[in-house]
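Note sheet for the following structure.
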Amino acid sequence: MARGESHVTGSGAGRTRYAGSKLLVTALTLALARTRPDSNVCAIDPGLMPASGLAREYPAAARRISGLLTPLITRLPFASTPERSGSVLARLLLEAEAPSGTVLDHRGRPARLSGRARDREFEDEVINELSRLVGGSSLLGVGTTAAEL
C-alpha cells in the first residue's frame, strides 16, 4: 500500500485508489508531525463528495441515479460538498492554530483515524517510500530513515 500498489480492477478500482490515497496522506501527516517537530503538518478528510466526479466512470444509468441523489447524499453526516470541505481547508490554512498532526474532518472536527493510519511502522514505511520516490533524499533529512529517529 505504501508504494501505491493496488490490485483492484474494474468499477471499484477508482474508489479503492481514492480511499488508499486518503490513508496514505493521513499516515504521512502523522509521520511528518512526529518526525519533523519543527514543522506544522495538518490534513483534512474532505468526506464523501458525490459532486466531485467520482461517479464519472459508472455506467450511464448509475451516473444518472447518482446525479439525482447527490443533493440528498450531501446532507448525510459523512458527506460534504467541495465548497464546505474547501471552507474547512481555508480556515485551517488561514485562521486555525491546529497542533501538528491534526486531521480534521469535513466539518472542521477532529477526524476519526484508522488504526492503520496511526500505525507507526506503516507511517515509517509511507514516509520512507515517498522519500525514495522523490529522488532518494529523505523527507526527514538526507540519508535519514524514519526508524532512525
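Every number here is computed from the coordinates shown, using simple stated rules; none is lab data. Only a predicted model underlies this, so the values are computations on that prediction, with no experimental measurement involved. Quick reminder, even Gly has a Cβ in these numbers, built from the backbone with ideal geometry, and neighbours come from all protein chains shown.
Cα centroids of the range 21-60 and the range 64-113: 11 Å apart.
Sites listed here are trypsin sites (Lys or Arg not before Pro) in the range 24-95 whose DSSP assignment is loop and whose Cβ has at most 15 other Cβ atoms within 10 Å: Arg56, Arg75. Scattering from the range 62-137 was approximated by placing one identical point on each alpha carbon and applying the Debye formula without solvent; log10 I(q)/I(0) at 0.14 1/Å stands at -0.73.
For the range 10-148, what is the Kirkwood hydrodynamic radius in Å, using each pair of distinct C-alpha atoms?
16.7
With neighbour counts taken as other beta-carbon atoms within 10 Å, the residues Ile65, Ile44, Ile73 rank, fewest first, as Ile65, Ile73, Ile44. Normalised by the number of residues in the range 50-133, the mean separation of alpha-carbon contacts (under 8 Å, six or more apart) gives a relative contact order of 20 percent.
Extending 7 Å from the Cα toward the beta-carbon at both Leu69 and Arg132 defines two label points whose distance is 4.0 nm.
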